[in-house]
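Asks: One structure, pasted below without further comment.
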Ligand SMILES: O=C(O)C(=O)C[C@H](O)[C@H](O)COP(=O)(O)O
């Protein structure tokens, strides 16, 4: 398994940071790390995304694997990979983004909703697929896709939280992506980073328990 992919697998939960305030980024990443979430994706629509990626990468060395989310074009993929991103996630399928990631030895994950899209992304060289938006189809959809497509690692994102993550792992997801249910920006603004650590801890525990039950 690719090393970056295996680090995402180790984390089990990939944090999606959209619009994270620059002055809270490191504390939020540290709070997540302390709770066991060691994979963080900063979405490309966050102002100054390349600088933020560079900052987190420099602050955590190899303790936290950093990627870019919401990548819709190869220019954004390249710019953020040069800033230190090790994986690139999209809400949709872009073969040029996958190609750019492979050119630079980075992991890529297109967003897919159907078996045809999953196979197309995998054939194009993606390392795994993000089933997005997971909440509109649920774990049963992912499980049904994994039936014939067991070779394609799948990560559901969109509406995934500690209350339903186990169902996705049981259905065959190798990890889950989460933003809203994982990162409480109001708490961060109050300086209450412990809330984020606690949620991360609970979330990771749910995933680990579900894996252990398999
Ligand atoms: O565009 C992307 O690349 C995304 O990752 C879309 C969403 O930001 C995530 O799906 C997080 O969704 P929630 O966990 O429901 O907050």
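Every read-out reported here was derived from the displayed coordinates using simple, explicitly stated rules and does not represent laboratory data. All values derive from a computational prediction rather than experimental measurement. When we count neighbours, we look across all protein chains shown, and the Cβ atoms used for this are built from the backbone with ideal geometry, even at glycine.
Asks: Just rank 120, 103, fewest to most, by other beta-carbon atoms within 10 angstrom.
Replies: Lowest to highest Cβ neighbour count: 103, 120.
Asks: Applying a 10 Å radius around every beta-carbon, put 34-41, 18-25 in order of their mean neighbour count, most first. Each step should come with its number before you reach the end.
Replies: On the way: 34-41: 23.5, 18-25: 15.8.
Taking the mean over residues of other Cβ atoms within 10 Å, the ranking is 34-41, 18-25.
Asks: Compute the FRET efficiency between residue 213 and residue 2 as 1/(1 + (r/R0)^6), taking r as their Cβ-Cβ distance and R0 = 35 Å, and round to the nearest 0.05.
Replies: Plugging the Cβ-Cβ distance into 1/(1 + (r/R0)^6) gives 0.85.
Asks: Size of segment 1-146 along its principal axes in angstrom, Cα-based, largest extent first?
Replies: That works out to 41, 30, 28 Å along the principal axes.
Asks: Quick one: order 149, 52 by neighbouring beta-carbon count within 10 Å, fewest to most.
Replies: 149, 52
Asks: Between residue 202 and residue 144, 0.36 nm times their residue separation minus their Cα-Cα distance comes to what?
Replies: Separation in residues times 0.36 nm, less the Cα-Cα distance, equals 18.2 nm.
Asks: Run through the DSSP bridge list for segment 2-213 and note the antiparallel percent, rounded to the nearest 5.
Replies: Values: 0 of 23 bridges.
Given both bridge residues lie in segment 2-213, the antiparallel proportion sits at roughly 0 percent.
Asks: Still on this structure, please answer the following. Gain in length, residue 73 to residue 104, computed as 0.36 nm per residue apart minus the alpha-carbon separation, to one decimal in nm? Intermediate values should be presented prior to the final figure.
Replies: On the way: separation 31, 0.36 × 31 = 11.16 nm, distance 1.50 nm.
In short, 9.7 nm is gained.
Asks: Rounded to the nearest 0.05, what FRET efficiency do residue 51 and residue 190 give with R0 = 30 Å and r taken as the Cβ-Cβ distance? Could you check? Walk me through the intermediate numbers first.
Replies: Details: r = 25 Å, r/R0 = 0.83.
So the FRET efficiency works out to roughly 0.75.
Asks: Obtain the nm distance between the two label points defined at residue 116 and residue 163 by a simple spin-label model: each point lies 7 Å from its Cα along the Cα-to-C-beta direction.
Replies: Distance between label points: 3.5 nm.
Asks: Now for a different question. Helix-only estimate, please: 222 nm mean residue ellipticity of the chain, summing -39500 (n - 2.57) across DSSP H runs of length 4 or more and dividing by its residues, to the nearest 500.
Replies: -14000 deg cm²/dmol
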